[in-house]
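Here the structure comes first, spelled out in structure tokens, and everything after it is commentary.
The values are calculated or read from the model by the stated rules, or taken from the named source; none is laboratory data. All figures in this text were calculated on a predicted structure; none of them were measured in a lab. As a convention, Cβ positions derive from the backbone with ideal geometry for all residues, glycine included, and neighbour counts pool all protein chains shown. The accessibility values were calculated without ligands, DNA or RNA, using every heavy atom of the protein model including side chains. Shrake-Rupley method; radii C 1.70, N 1.55, O 1.52, S 1.80 Å.
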Amino acid sequence: MRYYLVLFACLLSLPLFSLGVGKYIIDINKKIYEVAHYRITKKPTFLFLDKSEFVKVLKEKLKKDPSIKNIYIIEKALKFFGLLNKDDNLQKAYKKLYFSFAGGFYDPFSKQFYMLKEFPKNFLKPILYHEYYHFYQDLRYDILQFLENEKLYAFDDRVIVRKAILEGEA
């Protein structure tokens, strides 16, 4: 009980309570403790951004993503074998996909949450639960080390499987 009071006091300083979702963090922590017997004592950092700021952060993140180069190589190969049309653009599709599902994300490099302010409240809870679980994974297992740091965005089979494990668990 004392643990939850300390956690509650820490969370009061976060903007989450102004959005009415601070109780979700407490609930997630309880569930993680029930399932994994792991107490999260580190205070997460949340950045709530308006849409233009959020898109700017995503674009910067995308610029650092070497997958774009890999997608270009894969696209060339698929076109060569006739599996894609000449005018198909995998890079454009990847970028569109990248932005279409984003309402929030946990960044293992900065150890911060980026959340979209204007996201509908009914979607906020599942996004928060999912991304907060990545925070837990990072505390427990070190995501960057698990994904082999420099291969984080690679299309290496090992990294793809490890990403699937992280996403499936979250």
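Tabulated data
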quantity	calculated
Per residue accessible area of segment 20-131, 1.4 Å probe, in Å²	65
Residue-level accessible surface for ARG39, protein heavy atoms, 1.4 Å, Å²	110
With DNA, RNA and ligands ignored, accessible area of LEU116 (1.4 Å probe; Å², nearest 10)	20
Per-residue ³J(HN,Hα) for segment 76-83, Karplus 6.51 cos²θ - 1.76 cosθ + 1.60, θ = phi - 60°, Hz, x for Gly and Pro	4, 5, 5, 5, 4, 8, x, 8
Distance violations [Cα-Cα > 27 Å] among LYS51/LYS92; LYS59/LYS111; LYS92/LYS125; LYS30/LYS64	LYS92/LYS125; LYS30/LYS64
Paired Rg and Dmax values of segment 86-137, which use every Cα atom, in angstrom	13.7, 43
Chain lengthening between LYS31 and LYS121 when straightened (0.36 nm per residue, less Cα-Cα)	30.3 nm
Pair ALA170, LYS42: separation of 7 Å Cα→Cβ label points (nm)	1.4
Karplus-derived HN-Hα couplings along segment 23-35 (A = 6.51, B = -1.76, C = 1.60, θ = phi - 60°), whole Hz, x at Gly and Pro	5, 5, 4, 4, 4, 4, 4, 4, 5, 4, 5, 4, 7
